[in-house]
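K.L.:
Sharing a structure, written as C-alpha cells. Questions coming.
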Amino acid sequence: QVQLVESGGGLVQAGGSLRLSCGGSGSISRLAYMGWYRQAPGKQRELVARIFSGGSTLYADSVKGRFTASRDNAKNSVFLQMNTLKPEDTAVYYCNVAQFGSNYWGQGTQVTVSS
C-alpha cells in the first residue's frame, strides 16, 4: 500500500513562491506516474503537473512557465515549485501516484494566494 504525505502549502501574496513536497511510503515503482492535482472550492479536481518515469513533464496550460515539477525516485518523493503565484492558484493541492492500474492520493495541502 502506498501512502503519500504533502507539505509546503500556506498563505502567500500574489507574485510569491511556494514549494510543495510529497513523500511516499510503500512500494512506488520507478515507472510510476507522479504528479500534482488541485481542487478549488466549487470546482472539480484538475491536473496541475505530471512527471513521468523518464523525467518528462506535462503541465496544465494555466501553470506553464510558472510551475516546475520534479521527482526523486530514491526517496519516493515528488515536488512542485510554484512561482509567480496568482489568486486563481488558490486550491487544495494533492499529490498523486499512478501505477499498475491504481491511483494513490495524499491528504492535500492548502495553498492560498492573496491579491
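K.L.:
Working only within the range 40-95, note down all residues that are open to solvent by 40 Å² or more (accessible area, probe 1.4 Å), in a strand (DSSP E or B) and more than 16 Å from Gly8 (Cα to Cα).
P.N.:
Once the filter is applied, which keeps residues that are open to solvent by 40 Å² or more (accessible area, probe 1.4 Å), in a strand (DSSP E or B) and more than 16 Å from Gly8 (Cα to Cα), the range 40-95 yields Glu46, Leu47, Arg50, Thr57, Leu58, Tyr59, Asp72.
K.L.:
Could you please give the count of residues in the range 24-39 that are among the hydroxyl-bearing types (Ser, Thr, Tyr), open to solvent by less than 80 Å² (accessible area, probe 1.4 Å) and modelled with pLDDT under 95?
P.N.:
Of the residues in that region, 2 qualify.
K.L.:
Still on this structure, please answer the following. Scan the range 84-102 for residues that are over 14 Å from the mean Cα position of the chain (by Cα) and within 17 Å of Asn73 (Cα to Cα) and jot them down.
P.N.:
Correct list: Gln99, Phe100.
K.L.:
(1) without any contact (Cβ under 8 Å) to a residue 24 or more places away in the chain; (2) open to solvent by less than 20 Å² (accessible area, probe 1.4 Å): which one isn't true of Glu6, the others all being true?
P.N.:
Every listed condition holds for Glu6 apart from (1).
K.L.:
Regarding Tyr104, is this residue modelled with pLDDT of 95 or more, within 15 Å of Ser7 (Cβ to Cβ) and either surrounded by 15 or more Cβ atoms within 10 Å (Cβ to Cβ) or among the charged types (D, E, K, R) (or both)?
P.N.:
no
K.L.:
Could you list all residues from the range 64-88 that are under 26 Å from Gln3 (Cβ atoms) and either without any contact (Cβ under 8 Å) to a residue 40 or more places away in the chain or among the small types (Gly, Ala, Ser) (or both)?
P.N.:
Matches in the range 64-88: Phe67, Thr68, Ala69, Ser70, Arg71, Asp72, Ala74, Ser77.
The values are calculated or read from the model by the stated rules, or taken from the named source; none is laboratory data. Values in this document were obtained by computation on a predicted structure and should not be read as measured data. Quick reminder, even Gly has a Cβ in these numbers, built from the backbone with ideal geometry, and neighbours come from all protein chains shown. Please note that ligands, DNA and RNA were not included when accessible areas were found on the heavy atoms of the full protein model with its side chains. Shrake-Rupley method; radii C 1.70, N 1.55, O 1.52, S 1.80 Å.
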